[in-house]
1. Which of the residues spanning region 72-95 are more than 16 Å from the ligand (Cβ to nearest atom), under 29 Å from G149 (Cα atoms) and of a type in the set (D, E, K, R)?
2. For region 105-116, indicate whether the set of residues that are in contact with an Asp or Glu (Cβ under 9 Å, 6 or more places away or on another chain), among the hydroxyl-bearing types (S, T, Y) and exposed (fewer than 15 other Cβ atoms within 10 Å of the Cβ) is non-empty.
3. Inside region 191-218, can you point out the residues that are more than 18 Å from T22 (Cβ to Cβ), modelled with pLDDT of 95 or more and either assigned to a loop (DSSP other than H, G, I, E, B) or aromatic (F, W, Y) (or both)?
4. At least 2 residues that are touching a residue at least 24 places away in the same chain (Cβ under 8 Å) and within 16 Å of the ligand (Cβ to nearest atom) in each: list the strands (runs of 3 or more DSSP E) lying fully within region 109-187 that qualify.
5. Counting only residues that are free of Cβ contacts under 8 Å to residues at least 12 places away in the same chain and more than 12 Å from the ligand (Cβ to nearest atom), which one in region 209-227 is surrounded by the most Cβ atoms within 10 Å (Cβ to Cβ)?
6. I need the helices (runs of 4 or more DSSP H) fully contained in region 3-86, keeping only those with at least 3 residues that are hydroxyl-bearing (S, T, Y).
7. Is there any pair with a first residue in region 19-39 that is at positive phi and a second that is of a type in the set (A, V, I, L, M) and more than 6 Å from the ligand (Cβ to nearest atom) whose Cβ atoms are under 9 Å apart and which are 6 or more apart or on different chains, and what are they?
8. Which of the numbered conditions does D91 fail, given that it passes all the others? Conditions: (1) in contact with a helix residue (DSSP H, G or I) (Cβ under 6 Å, 6 or more places away or on another chain); (2) surrounded by fewer than 21 Cβ atoms within 10 Å (Cβ to Cβ).
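The values are calculated or read from the model by the stated rules, or taken from the named source; none is laboratory data. Source: prediction; values computed, not measured. Neighbour counts run over all protein chains shown; Cβ positions are idealised from the backbone, glycine included.
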Amino acid sequence: MRKKKVLIFSGAGISAESGLQTFRGQNGLWENYPVESVASPEGWRSNPQRVLRFYNQRRTQLSAAKPNEAHQAIARLEKHCEVVVVTQNVDDLHERAGSTQVLHLHGELCKARSSDEENLVYHIAYKNINLGDKCERGSQLRPHIVWFGEYPFLLEEAGEHIASASHILVVGTSLQVQPAASLLSYATQAAEKVIISLEASGLANSFIHLQGKATQHVPEICSAWTK
Ligand code: APR
């Protein structure tokens, strides 16, 4: 029998139980920070120090966070199925749990890049980026994060994986941000589709909706899909 191809589409909610803040909803990051001041090219131009501080704080929090049972169940699923994770998250918790195919649409907190040449990217793990930290060509380093108004990474590859998946699990995303959320329109009619979130889902009724926490429902779904 052909191996299942499982597509995981994750958002900030899968990392909430690891102690990382989500963006929307109570105590969300965007409640405390005006988005445009810390996550836009304009914010970077007007006050790079404030932007660097915002991401340095999140990187430090990430260094103290651990993958949770949802990340781990998804990583274990690779023993039984082909698993591709398409994530809006910039944390490295899927990778630390053991997932080996992770596409970061919105960039990665553990990487810095030249503010002038997008292809000059450096792995910095949980270190700070400070004003005066330069790339090899002498330009200021910036977070390797897709800001509002910038274009996401890997959209075409992510769409192809979604279109060829036999099982799709959407977990921990409010589906408020485009073009990431519209990638799910590539899902085939035949694919088994499940969404897990705390609030009622706005997704098409072809998705089974499990209302509740990722650590509660993701392991259940993953073990059902190993059969
Ligand atoms: N278990 C499951 N789902 C959860 C949990 C949890 N423990 N906690 C929160 N959620 C769900 C919420 O119900 C909500 O649907 O996670 C979702 C979080 O939504 P957002 O905070 O909007 O996060 P996300 O959808 O990932 O945001 C997308 O917006 O700001 C940009 O670039 C940023 O990648 C981010 C994008």
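1. E95
2. no
3. A191
4. Those strands (runs of 3 or more DSSP E) span 141-145, 167-171.
5. Checking each candidate, the answer is E220.
6. Working: elements: 29-32, 35-38, 41-46, 48-64, 69-76.
Correct list: 48-64.
7. From residues that are at positive phi, the pairs are G19/A64; G19/A65.
8. The single condition D91 does not satisfy is (2).
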